[in-house]
Structure formats: C-alpha cells, structure tokens
Amino acid sequence: MTDLDHLTQSLARNLKRWRQERGFTLDALAARAGVSRGMLIQIEQARTNPSVATVVKIGDALGVSVTTLLDFDQEPRVRLVPEEQAVRLWSTEAGSHGTLLAGAEAPGPVELWHWRLEPGEGSESEPHPSGTAELVHVREGELTLTVDGADYRVPAGTSATFESGVAHAYRNHGSEPVAMTMVVAVPVPR
C-alpha cells in the first residue's frame, strides 16, 4: 500500500467516525462544508483523493484538524512525528510547499505547519471559521501577509498573529525564498 493509499484509507475511516460522532448526516455535513454529498460518499468509501481545500473545508465543518482527518494511528499522550511522517499537502513546480508537521485537538484543532514560498509565489486562503487564529513566524526571507485586503510585511525573525475568519494570503514578492512556521487554531463548532 502506498502512502497515498494509506492516507486515503485513513481519511475515509476518520471522516466517517467524526461525522457520526458529531451526529451529522451526509447531507448535513455537505451543507456545512460546502462539499457535495457525492464527494463525501466517495471519500468515506476511499474512492477518491480530495483536494487539500476540500479536506480543510470538511475539517472546519467537523471542528477537527486536517491532521486528525488524516491520522492513521491512535494518538498517545505524547506523539512524536518524525520528519519523514510529516505530510506535504501542497507544492508547486518551483519548489513552494506547505507541510503539515503535527496537529492536536485542544479542545479545537491546532495545526503546526512549515511553509516555503519561492520568489514570486503565494497561496490564498478562504476565510476559516469565525474565531480561528493563525500565528506565523518567518525564519527566512520576507513574507507579504494579506489579511482582509490589507498587506503586511513580515521580515525574517518577525512573528505575526491574526484572526483568519477573513480571506487571507501569503506571498513572496522578494528575490529570496520565504521559510515560515505557522500554527492554526480552530474553535470547536457549536
């Protein structure tokens, strides 16, 4: 079984578990997540490998992290995630990428990410659920962080926090790569 097959099976099992635990029908979850009922069925039957955006929408609707949806192990009190088990969820041909390093439920989802943005590249995000907070620390380069239409320069060695319930984006307008660490904390849905 390939890593992708393993993740597809884990996603199928975890989606069904969390959907049932939350008491959501397929139709109710589809409406909450903005994902079709058919897509949810395909995911629960491990017949598709959905986009990162789809997994994020489902996680947000369930109030669980992407890590929780993709986790294939029972979580012990201390969970070590070796570098080779971190999950690269997006990448570009130029070398930009976002890697999910670890996640936890505390009580809502908390995710730890490593991102690299090559010069001229960026990533846009739709608003997360209200109350979601993000923390970013730029280790190399200079990040242009756009939150609700306003741009903020975040140079190496600088951290930023913001409420990400609005449209936001990360861009590298410089000539050097941007390396950053990000934490996303999502509230539990009510």
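The values are calculated or read from the model by the stated rules, or taken from the named source; none is laboratory data. If you're wondering where the values come from, they're calculated on a predicted model, not measured in any experiment. Cβ placement follows ideal geometry from the backbone for every residue including glycine, while neighbour counts extend to all protein chains displayed. All accessible areas refer to the heavy atoms of the entire protein, side chains included, with ligands and DNA or RNA removed. Shrake-Rupley method; radii C 1.70, N 1.55, O 1.52, S 1.80 Å.
Just a few scattered comments:
- Inter-site label distance for S123 and V188 at 7 Å from Cα along Cβ, in nm: 2.8
- Taking 0.36 nm per residue of sequence separation and removing the Cα-Cα distance, the A133/S91 pair yields an extension gain of 12.8 nm.
- In order along segment 43-49, phi translates into HN-Hα couplings of 5, 5, 9, 6, 9, 8, 10 Hz, rounded to whole numbers, per the Karplus curve 6.51 cos²θ - 1.76 cosθ + 1.60 with θ = phi - 60° and x for Gly and Pro.
- Here the relative contact order of segment 96-157, from alpha carbon pairs under 8 Å that lie six or more residues apart, stands at 22 percent.
- Normalised contact order of the chain, rounded percent, pairs of Cα under 8 Å and 6 or more residues apart: 20
- For T161 and S36, a Förster radius of 35 Å and the Cβ-Cβ distance give a FRET efficiency of 0.55, rounded to the nearest 0.05.
- Estimated 222 nm signal from helices in the chain, with DSSP H stretches of n ≥ 4 weighted -39500 (n - 2.57), rounded to 500: -8000 deg cm²/dmol
- Measuring nothing but protein heavy atoms, the accessible surface of the chain at 1.4 Å probe radius is 50 percent carbon and sulfur.
- V81/T25 FRET efficiency (R0 35 Å; Cβ-Cβ; nearest 0.05): 0.60
- Just so you know, the Cα atoms of the chain work out to an Rg and Dmax of 16.7, 49 Å.
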